[in-house]
Every structure is written in structure tokens, then in C-alpha cells.
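Data first, discussion second: the structure below is written as C-alpha cells.
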Amino acid sequence: MKTTVITSLLILITTWSKAEFTAYSKLTQMDQTQVEFKVLFVGNSLTSANNLPRLVVNYAATQGITVTTKVIAKGGYAIVDHWAEGKVQNQINSKSYDFVVIQQGPSSQLDGYDMLVNDGAKYAQLCEENSAQLAYFMVWPSLNYYHTFDNVIKNHTDAASINNSILLPVGKVWKDYIDSTKDNEYYGSDGFHPSIKGSQVAAKVIVEHLLQQ
């Protein structure tokens, strides 16, 4: 009698396990094979320079991925400024996006860190409520403040971790390249905004970390 009961339980458990594994496999396969995404970019001139969202669309296409973008970018704006205007909330609440990419200035100082973490939390919550994923676009300091680069990297990394969001480590890729080559070609003529090559590198990093994970 005991043997029969044990055997029945084992069969039942095995059946459940197979069902759960099948469901998980289907979900994983669906996520890995998705090739069309909608992305909302929220930022300032570091996002709009060289039409970065278009470069993302173009690079993604070379990888067989279709991307549709919407851009809300104003010069000098931080994420708190966009939130105060309310346009971002309307867009996210439309449930039209798979990802929301937020970007502001270098944020190497405490006030920038606070905005990344605390105001970023508002974006993260709203994204979660609308089935979107939040991503932090890590930027870079101007050449005049290159010595603050490590803080820029740390503050963006910490904010993304705290708010359970995706990190797009563009700034780190820039710094690794510049430190190893001593070449500032990713910077434009003003020593802050990106050159076209700098934006192309940013687009590649964004696609790899946002759409190809």
C-alpha cells in the first residue's frame, strides 16, 4: 500500500515538474526570440545629439531587431524636470513601450546621485505598473571633469541596482577605451557632447545591453 502511494506521488510530482519546465521553456523561448521592441528615450542633448535613438534603430536592424522609438529630450534637463512636466508619465501610462531609457547629466555629485536613485524610483514604479522595463543610460563627464568619471560610473551602477533596472554602461565603455588608447575621439568638439563615433558606440552598447540580453 505504501509503495503504491509513494509511486503515485512520484508520478504526480514528475508530471508537475514537466509541466512547469515546459511553461518555463516556452516563456524563455518567447523572450529570446522577440525581435520587435518599442523604446521611450527620456533625456537631454546627450540623447538627442547625432540622433542617438535613430542610431539605435539602425544598429538594431543590422542585428535583425526592429525598434520603434519615441524621444522626449530637452537641453539641460534632468529626469526630475521631465517628471515635473508630466509628458513622460502620459507616455508610460499608454502602455506602449517595452523599455524606458532615462538619461540626465553626468551625476557625479550627491544631488545627481539622489535624482538617479530617488526620482529614478518613481520611473521604475510607473514602468512596473505599465509592463515596461526601466533602463539607465550611463553617460560621461566633460573632458574638463574627466577626473569625476569613476563617480559617474558608480552612481549610475548603484541607481540601476537599487531600482532593479537595466544598466546601459555607455560611460564605462567610453572610459575603458579612452584610458587604454589615450584617444578622445568619442567626444565632440565641445569636449562634452559626443562625436558621431561616440554616439555610434553608445547605440551599440544600448542595443547589446537592452535588446540582446
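Please work out whether the stretch 91-135 counts as rounded, prolate or oblate from its C-alpha gyration tensor, where a ≥ b ≥ c are the square roots of the eigenvalues and a/c under 1.5 means rounded, while otherwise a/b larger than b/c means prolate and anything else oblate?
Because a/c hits 1.5 or more and a/b exceeds b/c, the stretch 91-135 counts as prolate.
Can you grab the distance from the C-alpha centre of the stretch 143-213 to the C-alpha centre of the stretch 36-82, Å, no decimals?
15
Which whole-Hz couplings ³J(HN,Hα) result when phi for each residue of the stretch 93-105 is put into the Karplus expression 6.51 cos²θ - 1.76 cosθ + 1.60, θ = phi - 60°, listed in order with x for Gly and Pro?
Using θ = phi - 60°, the values come out as 5, 6, 6, 9, 10, 7, 9, 10, 9, 9, 8, 9, x Hz.
For a quick check: with amide H placed at 1.01 Å from N, whose amide H comes under 5 Å from residue 166's, ignoring anything fewer than 5 positions away on the same chain?
Result for residue 166 returns 134, 135, 136.
In what order do 82, 156 fall by count of nearby beta-carbon atoms within 10 Å, going from fewest to most?
Ascending number of Cβ neighbours within 10 Å: 82, 156.
Counting other C-beta atoms within 10 Å, which of 205, 170, 56 has the fewest, and how do the rest follow?
205, 56, 170
With label points built 7 Å along Cα→Cβ from the Cα atoms of residue 195 and residue 110, find their separation and express it in nm.
Simple spin-label model gives 3.8 nm for this pair.
Can you put 179, 158 in order of Cβ neighbours within 10 angstrom, beginning with the fewest?
By the 10 Å Cβ count, ascending: 179, 158.
Shape of the stretch 31-142 from its Cα gyration tensor (a ≥ b ≥ c, root eigenvalues): rounded if a/c is under 1.5, otherwise prolate when a/b > b/c, or oblate?
oblate
Using 24 Å as the Cα-Cα cut-off, could you pick out the over-long pairs in 38/74; 95/154; 122/197; 172/204?
In this structure, 95/154; 122/197 lie more than 24 Å apart at Cα.
What does the charge add up to near residue 96, with Lys and Arg as +1, Asp and Glu as -1, over the other residues with Cβ less than 11 Å from its Cβ?
That sum, taken over residues with Cβ under 11 Å, equals +2.
No value in this document is a laboratory result; all are computed from the given coordinates. Since the model is a prediction, treat every value here as computed from it, not as a measurement. Cβ: placed from backbone, ideal geometry, glycine included. Neighbour counts: every protein chain shown.
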